[in-house]
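Structure first, commentary second.
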Amino acid sequence: MNSEEDCRAPDRGGRRPIGAWRSRVVPAAAALIALGLAGGGSSAARDGLATPPGALPTGAATADSGGGHPAAPQSGFRTVVIDPGHGGSETGAIGPSGLTEKEVVLDIANRLRDLLQANLGLHVELTREADIYKPLEERTAHANWLKADVFISIHANAYRGRGVRGAETFFLSDRASDDNARRLAAMENDALDLGGPASGDTGLQMLLWDMAQTAHLQESSQLADMIQQQLNQLSGTSDRGIKQAPFRVLRGANMPAVLVEVGFISNSDEERLLADPRHRQRIAESLSESINHYRRRQASLLGGSPR
C-alpha cells in the first residue's frame, strides 16, 4: 500500500521475471508442463502442486448465477478466485476521511463476483466474504484447492504524498521492477520473504514449484495487460502501468495471478471516488471485462469458439 510518486511501468525488456539460476534450469522443464498448467490446466497436471503448505479451505461456497441465463463457461475456463485484500484487524490503507481499504476492496470483490456469475456463468469464490483476517498463504491455498483458472487480488494504494493517484497492476517476480514496487511489496508482505514451499521440502519439490510459477508467468503478464488497459479507460484515473514485485499472495498461486491496486485511497479525490458505489461498480465492470477478454483469448488459443 505504499508507492512512489509518478512512477511508470518499466520497459518490458527490463523485466526480470525469474532469477538467474532459474533462467538456466527451469524454462525447458516449464515448457513441458505448460500445456497442463496454462489457462487453468488439467487437474491431473496440477494435483501434485495444487496446495502449498498450510490449511486447506473449508466450507467452500456454491456459486449462484445471480439469476437470468448466464453464458456457459468456455471449455477449460470455469473458476475465478477473487481476493479482497486485508480484512479484520488488518485494515490496510486508510484515506484522509477515514475510508478503509478493507471495506472498499470487499465491496468491489462482491460486485465483480456478481458480474462474472450473472454474465459469464463462471464459478466465482472470494477468499473472504466478511470483515475477517485471512493469512496470505491461505488465500492462494484456497485458489489452488479449487484449481482456479485465474486469481485476482484487489487492493487500494496509499502513499505519504497525497497527490499521487492512479491504478496499477502487478504480477509476480522474485525481483521488484523498481524501488516503488519493492516498497509496496514490502508493505503488503511485511517482509520481502517470498515464502513458497516449506523449509523442509525437498529440492525436487522446490524445483517443481518454481516450474509451475514460470509456466504461469507469461499468462499473468497477459492478464495484467488486459486489466490495466481497462482501468485506464475509467474516468478520473491515471495509468501507472504494469509492474512486477515479490508479493507473497501471488507467490503461492498455481494459476495466472495478478494484484490490482484500483487507486490511491490516500488521495482525497480518489478516496471520494472509491467511496462512491457507482465508481466501485465501474471498477468491477472493468475487471469483469478484462477477465472476459482473457478467457476469450484462452479459448482461441485452445482452438475454441469465443463468443
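Below, the figures for the structure above:
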{"item": "Within the range 117-152, tally of residues that are under 23 Å from Thr91 (Cβ atoms), in contact with a strand residue (DSSP E or B) (Cβ under 6 Å, 6 or more places away or on another chain) and of a type in the set (S, T, N, Q)", "result": "1"}
{"item": "Selection count, the range 226-257, where residues are hydroxyl-bearing (Ser, Thr, Tyr) and touching a residue at least 60 places away in the same chain (Cβ under 8 Å)", "result": "2"}
{"item": "Near pairs, Cβ below 7 angstrom, 6+ apart or cross-chain, from the range 127-138 (more than 17 Å from Ala257 (Cα to Cα)) to any residue that is β-branched (Val, Ile, Thr)", "result": "Lys134/Thr127"}
{"item": "First in the range 287-307 and assigned to a loop (DSSP other than H, G, I, E, B), second anywhere and modelled with pLDDT under 85, Cβ under 6 Å, 6 or more apart", "result": "Leu302/Gly76; Gly304/Gln74; Gly304/Ser75"}
{"item": "Which numbered condition Asn144 fails, given (1) of a type outside the set (A, V, I, L, M, F, W, C); (2) closer than 12 Å to Ala253 by Cβ; (3) without any contact (Cβ under 8 Å) to a residue 60 or more places away in the chain", "result": "(3)"}
{"item": "Residue ranges of helices (runs of 4 or more DSSP H) in the range 153-271 with at least 3 members modelled with pLDDT under 95 and more than 22 Å from Glu90 (Cα to Cα)", "result": "203-232"}
{"item": "Counted residues, the range 109-152 - those being assigned to a loop (DSSP other than H, G, I, E, B) and touching a helix residue (DSSP H, G or I) at 6+ places or on another chain (Cβ under 6 Å)", "result": "4"}
{"item": "Number of the condition not met by Val105 [criteria: (1) at pLDDT 95 or above; (2) within 15 Å of Phe77 (Cα to Cα); (3) under 14 Å from the mean Cα position of the chain (by Cα)]", "result": "(2)"}
{"item": "Hits in the range 77-106 (condition: assigned to a strand (DSSP E or B) and of a type in the set (Gly, Ala, Ser))", "result": "Gly87"}
{"item": "Candidates Ala275, Ala299, filtered to the one that is modelled with pLDDT under 95 and surrounded by fewer than 24 Cβ atoms within 10 Å (Cβ to Cβ)", "result": "Ala299"}
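The values are calculated or read from the model by the stated rules, or taken from the named source; none is laboratory data. Everything numeric in this text was worked out from a predicted model, so none of it was measured. Methodologically, a virtual Cβ is constructed for each residue, glycine included, from the backbone with ideal geometry; neighbour enumeration extends over all protein chains shown.
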